[in-house]
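Peer 1: First the structure, then my questions, so here it is.
None of the figures in this text is laboratory data; all of them are computed from the coordinates on show. Note that the coordinates shown come from a computational prediction; the quantities given were computed from them, not determined experimentally. Positions of Cβ are backbone-derived with ideal geometry, glycine not excepted, and every protein chain shown enters the neighbour counts.
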Amino acid sequence: MAPTAGGVAQHRSPLGRACVDPSSGTVLAVDIGGTKMAAAVVDGTASILVEQQVPTPQGGGPEVLLAALTGVIHDVMAQAPVPPDVCGVGCGGPMTRGGETVSPLNIPGWRGFELRRRLAEATGIPVAVDNDAKALALGEGWAGAARGQENFLAMVVSTGVGGGIVLGGELLDGQGGNAGHVGHVIVEPDGRRCACGGRGCLEAEASGPSIAAAIGRSPADAPDVIKERTGTLVGRAVASVVNLLDLPLVVVAGSVALGFGAPFFAAAQAEMDARCRLDFARGACIVPAGLGRRGPLIGAAAIGRRLLAGDSRSAT
Ligand SMILES: [Zn+2]
């Protein structure tokens, strides 16, 4: 187990895992996306103390992107009432395990970029990097709609469809750190081509761009029948995950899901009810994520808090 950062108080949970005192430790949270980069300092109660963001430089090389990111990071560190103990980063994938190198699909200037090492050098504190959807799952479990739950799926239905799975209180990583790619569960075997090379993946049917391509206009103008179909397909994918992993709860974020609202969630729940028929899977619920626009930064903070807990998977 890695040494505890920042002299933060710990205790053992009833299950034997090292836990961080929920009121201790301050985290520099960093959210890296294709359109903006955001940084915040988040305290042990999931409150954002200071926050800033900048547009992601379009067409910039790796050092231009890093300079924009470190600029906003240094600004929030200078404004923080207390210096952060650790840094947690949520970033689009794919990436190698632990975010040692990242190649976000929507940031072409970074291919095999050594993000974790470069941010550790820039900040002088331990840095943990993970997939942004996995970060969201940890954040929702810490302070959102999955608070107190030890077994759940959190997912995003937006420009892409991604997810993170918490099982037995632990975020699943998988062989290469990519566990939770619910966007590539097959929902229509003869459906649309997916960017992954497959066909009929949830992402190829339910992402914002795929809906726009199918209906010829923005998802914001989608009729109820499309909102319901999207909910049904999400419910179908999620039902397979619930049956596979024995999960009572699914939380959903993202502009498509939250924008579609009640028709989407009602259809998703109805499809789950129809397809989760084993005793343990009956009654599983799908609900909107609880953190709203704070989700990405609280999720990044939750990734950083794994360092406070001495999580050996997170490099320091
Ligand atoms: Zn796919």
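Peer 1: In terms of modelled amide H atoms, which long-range or inter-chain residues lie less than 5 Å from the amide H of L291?
Peer 2: A145
Peer 1: Rounded to the nearest 5, what % of DSSP beta bridges with both residues in the chain are antiparallel?
Peer 2: Details: 28 of 48 bridges.
About 60 percent, rounded to the nearest 5.
Peer 1: A further question follows. So if I take the centroid of the Cα atoms in segment 190-211 and the same for segment 272-307, what is the distance between those two points in Å?
Peer 2: 22 Å
Peer 1: Using the C-alpha atoms of segment 149-291, what convex hull volume per residue, in cubic angstrom, is computed?
Peer 2: Cα-based convex hull of segment 149-291, divided per residue, equals 107 Å³.
Peer 1: Would you mind computing, in nm to one decimal, how far apart the modelled labels at N178 and V50 are, each placed 7 Å from Cα along Cα→Cβ?
Peer 2: In this crude spin-label approximation the distance works out to 3.8 nm.
Peer 1: Expressed as a whole number of Å, what is the distance separating the alpha-carbon centroids of segment 117-156 and segment 63-82?
Peer 2: So the two Cα centres are separated by 19 Å.
Peer 1: Sticking with this structure for a sec: Evaluate the charge dipole of segment 165-271 about its Cα centre and quote only its size in Debye, nearest 20, assuming +1 on the Cβ of each Lys and Arg and -1 on the Cβ of each Asp and Glu. Provide the component values of the computation, followed by the final result.
Peer 2: Values: 7 positive and 11 negative charges, 63 e Å.
Computed about the Cα centre, the dipole is about 300 debye.
Peer 1: Once phi is turned into ³J(HN,Hα) by the Karplus curve 6.51 cos²θ - 1.76 cosθ + 1.60 with θ = phi - 60°, what whole-Hz value does each residue of segment 163-180 show in order, with x for glycine and proline?
Peer 2: x, x, 10, 10, 10, x, x, 10, 5, 6, 9, x, 4, x, x, 9, 4, x
Peer 1: Based on the mean of other Cβ atoms within 10 Å per residue, sort peptides 261-267, 185-191 so the most packed one is first. List each step's numbers first, then the result.
Peer 2: Details: 261-267: 18.6, 185-191: 14.9.
Sorting 261-267, 185-191 by mean packing, highest first, produces 261-267, 185-191.
Peer 1: Here is a follow-up. How much FRET efficiency would the formula 1/(1 + (r/R0)^6) give for Q58 and L167, where r is the Cβ-Cβ distance and R0 is 30 Å, rounded to 0.05?
Peer 2: Details: r = 38 Å, r/R0 = 1.26.
Between Q58 and L167 the formula returns 0.20.
Peer 1: Something else about it: Please report D75, D31, D221, D279 as a ranked list, fewest other C-beta atoms within 10 angstrom at the top and most at the bottom.
Peer 2: In increasing order of surrounding Cβ atoms, one gets D279, D221, D75, D31.
Peer 1: May I have the extent of the alpha carbons of segment 234-274 along their three principal axes, as whole Å values ordered from largest to smallest?
Peer 2: 28, 18, 14
Peer 1: Can you list, bin by bin at 5 Å, the percent of alpha carbon pairs in segment 163-232, starting at 0?
Peer 2: Calculated over all Cα pairs of segment 163-232, the distribution is 4, 16, 22, 19, 16, 12, 8, 4, 0 percent.
Peer 1: Is the C-alpha gyration tensor of segment 222-308 telling us rounded, prolate or oblate? Criteria: a/c under 1.5 is rounded; beyond that, a/b larger than b/c is prolate, otherwise oblate. Before the final figure, lay out the partial values.
Peer 2: Values: a/c = 3.03, a/b = 1.27, b/c = 2.39.
Cα axes put segment 222-308 in the oblate bin.
Peer 1: Follow-up question, since we're still on this one. Nearest-5 percent of antiparallel DSSP beta bridges in segment 159-316? Provide the component values of the computation, followed by the final result.
Peer 2: On the way: 4 of 8 bridges.
So the antiparallel bridges in segment 159-316 amount to around 50 percent.
Peer 1: Across the chain, how large is the tail of the calculated P(r) beyond 32 Å, expressed as a percent of all Cα pairs? Please report the intermediate quantities before stating the final value.
Peer 2: Details: 12817 of 49770 pairs.
That tail contains 26 percent of the Cα-Cα pairs.
Peer 1: Amide H of L49 versus every other amide H placed in the peptide plane: which residues, excluding those fewer than 5 positions away on the same chain, fall under 5 Å?
Peer 2: V41, V42, D43
Peer 1: Still on this structure, I have one more. From the residues G61, V187, L297, which one has its Cα farthest along the dipole of the chain in the positive direction, the dipole being from +1 and -1 charges on Cβ of Lys/Arg and Asp/Glu about the Cα centre?
Peer 2: V187
Peer 1: Set Lys and Arg Cβ to +1 and Asp and Glu Cβ to -1, take the dipole of the chain about its Cα centre, and tell me which of G254, C87, V238 lies farthest positive.
Peer 2: V238
Peer 1: Can you tell me the alpha carbon radius of gyration of segment 38-141 divided by the globular rule-of-thumb value 2.2 N^0.38 Å? Can you show the working numbers first?
Peer 2: On the way: Rg = 13.3 Å, N = 104, 2.2 N^0.38 = 12.8 Å.
Cα Rg divided by the expected 2.2 N^0.38 Å: 1.04.
Peer 1: When only Cα pairs under 8 Å and 6 or more residues apart are kept, what is the percent relative contact order across segment 69-196? Before the final figure, lay out each step's value.
Peer 2: Numbers: 195 pairs, mean separation 22.5, N = 128.
Over segment 69-196, the number comes to 18 percent.
Peer 1: Is any helix in the chain, taking whole DSSP H runs, at least 27 angstrom long along its axis by alpha carbon and on average at least 0.5 on the Kyte-Doolittle scale, and which ones? Don't skip to the end; give the middle numbers.
Peer 2: Details: long enough: 224-245 (31 Å, 0.64).
In the chain, the long hydrophobic H runs are 224-245.
Peer 1: With unit charges on the beta carbons (Lys and Arg positive, Asp and Glu negative) and the dipole taken about the Cα centre of the chain, which residue among N106, H74, I211 sits farthest to the positive side?
Peer 2: My answer, from the dipole projection, is I211.
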